[in-house]
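The values are calculated or read from the model by the stated rules, or taken from the named source; none is laboratory data. What you are looking at is a predicted structure, and each value in this text was computed from that prediction instead of being measured. Heads up, the Cβs are rebuilt from the backbone with ideal geometry, glycines too, and the neighbour counts pull from every protein chain shown. Protein only, heavy atoms only, side chains kept; ligands, DNA and RNA dropped before computing areas. Shrake-Rupley method; radii C 1.70, N 1.55, O 1.52, S 1.80 Å.
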Amino acid sequence: MARQTFWKGYLKLSLVTAAVSLTPATTESNKVRFHVLNRQTKNRIESRYVDSVTHKPVAERDQVKGYPRGEDDYVLLEDEEIEEVGLESTRTIGIDSFVQRGSIDWIWYDKPHFLVPEDKVGLEAFCVIREAMKANDVVGIARLVLYRRERAVLLEPQGKGIVLWTLRYGDEVREPVAELDDKTEIDSKLLTLMTQLVKEETKDWSPTMVQDPIQKRLKSMIRGKQKSLKKAAPAKKSAPVKSTGNVINIMDALKKSLAAEGGQKSRQ
């Protein structure tokens, strides 16, 4: 399926400008979604805005945005007024500065997007900016209006293109948890066994590692209902696991894990 462009504008570095477009790098189109139905009629249920006092539906033309300044007191803003506040970053990705690649912690990264040149005229400028970042091993920092808010974005050269990451706002990132006691001594034998287990469990990355089993089961259940149109029998509940009350010994657990891993490999 062709990717749908959802933003077009310009990539700008000093006086160098290129027409570009953005497409989201991720998708949720394969996610199972449900409609809410009236159980009796099987008709879909609609969501409507209603007045919180009169409980009557409010037509779209009568809806207006309000900023609360007190109890039941609002500053009203029309859509046209909000649009007028638009900044240059609405249509221009102006790179303000550069930072070393990898210097921004992963927790600041929000959503990835593919940034590509929109026409042949801007292709050379786009490639020059991309290759210059590669040569200096840096990423660009800019600002861009996306999802109705101005956001800081990071531009990272990837292959023949550039990946644009929206970055989280400062008030969205929490302080890290308190540091652990760095004076804790680790048993050398325990570390050796753990290192061996990690080595044996190390595999090549594959997208299958992050598949959603619940989505698969939902789709399978839906296919079964489509075929039979009969009510599925309730799933049997697993018997609850009884706790022994004993604290698990990490060394024993590692030895058992390694033994089990070795047995599986010998049977292959």
### Task
Taking the options V153, V145, V138, V163, name whichever one is over 14 Å from I93 (Cα atoms) and touching a strand residue (DSSP E or B) at 6+ places or on another chain (Cβ under 8 Å).
V138
### Query
Does the range 20-43 include one or more residues that are small (G, A, S) and either open to solvent by 90 Å² or more (accessible area, probe 1.4 Å) or more than 28 Å from E150 (Cβ to Cβ) (or both)?
no
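Residues checked against (1) touching a residue at least 40 places away in the same chain (Cβ under 8 Å); (2) open to solvent by 40 Å² or more (accessible area, probe 1.4 Å); (3) not hydrophobic (A, V, I, L, M, F, W, C):
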| position | (1), (2), (3) |
| --- | --- |
| V58 | no, yes, no |
| R61 | no, yes, yes |
| E81 | no, yes, yes |
| D105 | no, yes, yes |
| D119 | yes, yes, yes |
| F126 | yes, no, no |
| K134 | no, yes, yes |
| A142 | yes, no, no |
| L146 | yes, no, no |
## Note on the structure
Being under 25 Å from G140 (Cα atoms) and aromatic (F, W, Y) narrows Y67, Y49, Y10 down to just Y10
### Message
On the basis of being in contact with a helix residue (DSSP H, G or I) (Cβ under 8 Å, 6 or more places away or on another chain) and either outside any loop (DSSP other than H, G, I, E, B) or open to solvent by less than 50 Å² (accessible area, probe 1.4 Å) (or both), does L164 make the cut?
### Response
no
### Message
Given the criteria open to solvent by 70 Å² or more (accessible area, probe 1.4 Å) and in contact with a Lys or Arg (Cβ under 9 Å, 6 or more places away or on another chain), does D110 qualify?
### Response
no
### Task
Look at K199 and say whether it is of a type in the set (K, R) and in contact with a Cys (Cβ under 9 Å, 6 or more places away or on another chain).
no
### Task
Go through (1) touching a Gly at 6+ places or on another chain (Cβ under 8 Å); (2) within 22 Å of T5 (Cβ to Cβ) one by one and return the number of the condition M133 breaks.
(2)
### Message
L193 - would you say it is at pLDDT 80 or above, part of a helix (DSSP H, G or I), of a type in the set (A, V, I, L, M, F, W, C) and touching a helix residue (DSSP H, G or I) at 6+ places or on another chain (Cβ under 7 Å)?
### Response
yes
